[in-house]
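J.: Structure below; questions to follow.
All of the numbers you see were taken from the coordinates with simple rules; none came from a lab. Computed from a prediction, not measured in an experiment: that's the story for all the values here. We place every Cβ from the backbone using ideal geometry, glycine too, and count neighbours over all the protein chains shown.
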Amino acid sequence: MEPVPLPADLPPALAAHFADQAGSVDPPADAVADAVVLALHEDLTPDGDLSASLVPAAAVADGVVASRSDGVLAGTACATEAFAQADPSIEVAWHRHEGDRIAPGDVLATVRGPLAPVLTAERTALNFLARLSGVATTTAAWVDAVAGTGVRIWDTRKTTPGLRALERAAVRAGGGWNHRTNLSHWIMLKDNHLTGTSVTEAVAVARSLWPGRTVHVECETLDQVRESLEAGADALLLDNMTPESITACVAAVRDHAERHGSRPLVEASGGITLDRVAAYAETGVDCVSTSALTNGAAMLDLGLDLDRGVDRDRDAGAR
């Protein structure tokens with residue numbers, strides 16, 4: 001999937017924010033390890049895997065992770081980590097990779113190792129794969145819907161608590177892009193933040209307290225857009241507007257850019273659905289953000305198919 005070119009006139013901090021994500025689909029290793037620790041603890045507390053304790057110690061598992069539906073693969077690092085934490089001797093070899101389009105029957109990976117820990121890690125590995133592949137698949141549908149418009153699909157902070165880094169990586173695997181990381185990343189002024197003050201005053205205070213940080217202002221009217229432009233905001237979130245209203249706001253931004261030589265990033269959000277996103281993309285915005293990438297993602301149907309004819313004593317001496 002070809003990356004969407006960046007507009008040349010974006011504020012430098014936002015251009016760098018996008019550039020840092022280009023080609024990066026892997027989640028941070030520490031986030032993967034931490035999430036898997038918690039997931040296995042959830043499954044194994046307090047007495048371990050009672051069912052797997054009945055499996056003969058010499059039994060060996062040979063199997064494949066296979067797709068049972070169309071989608072986009074994500075979460076491979078988490079699945080590998082789940083098997084490794086259950087038993088480091090389990091071998092996982094991936095035949096498909098993060099961001100690959102997959103179809104029913106595709107073999108995604110082979111898994112081989114002691115049967116008991118393979119069974120212990122199976123559901124945890126598949127849960128991560130199914131959840132994160134679902135996010136990537138949903139994202140890809142939105143990206144496909146705006147193909148050719150130059151618009152980037154952006155995620156939001158509406159992520160599963162504790163799994164944000166993983167879900168953000170899955171968004172990138174699906175061809176989408178990440179919004180601000182968290183509340184410490186940059187300043188975002190929404191309507192509630194402006195209680196008792198104005199956009200102009202809030203932007204000025206933000207600049208004085210956090211020089212160099214991106215200042216992003218939520219706008220619900222053309223007048224707010226104009227005030228934000230004059231205040232020098234780095235990004236505008238056009239919230240719950242119609243495509244017609246957004247088109248007028250984009251025209252105001254372009255007029256401001258002609259007079260001042262620079263412009264903020266323009267984002268559309270709020271009430272945008274997959275079947276209507278193309279109309280919003282055609283307004284001239286830079287990004288469309290939606291919580292549907294994470295909140296609305298269904299788990300992808302994947303499975304671990306084991307060879308039930310494997311000799312339980314094969315290679316027992318080596319293990």
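J.: Using only DSSP helix segments of four residues or longer, with each worth -39500 (n - 2.57), what per-residue ellipticity at 222 nm results for the chain after dividing by its residue count and rounding to 500?
T.: -12500 deg cm²/dmol
J.: How many angstrom separate the Cα center of the stretch 57-81 from the Cα center of the stretch 87-122?
T.: Going from one Cα centre to the other spans 3 Å.
J.: Run the simple label-point estimate for Arg123 and Asp87 please: 7 Å along Cα→C-beta, distance reported in nm.
T.: It works out to 1.9 nm between the two label points.
J.: Could I ask something else about it? Once the mean 1/r over all distinct Cα pairs of the stretch 186-290 is inverted, what Kirkwood radius in angstroms do you read off?
T.: Here the Kirkwood hydrodynamic radius works out to 13.8 Å.
J.: Same structure, new question: Percentage of Cα-Cα pair distances in the stretch 24-175 greater than 20 Å, rounded to whole percent?
T.: For the stretch 24-175, the fraction of Cα-Cα distances above 20 Å is 50 percent.
J.: With an 8 Å cut-off on Cα pairs and a minimum separation of 6 or more residues, tell me the relative contact order of the chain in percent.
T.: Reported relative contact order: 24 percent.
J.: Measuring from centroid to centroid over Cα atoms, what is the spacing of the stretch 237-291 and the stretch 159-216 in Å?
T.: With the stretch 237-291 and the stretch 159-216 each reduced to a Cα centre, they are spaced 17 Å.
J.: So, counting K/R as plus one and D/E as minus one, what does the shell of residues with Cβ under 10 Å around Leu300 add up to?
T.: 0
J.: Follow-up. Cα atoms only, the chain: Rg and Dmax in Å?
T.: Both quantities, over Cα of the chain: 23.5, 78 Å.
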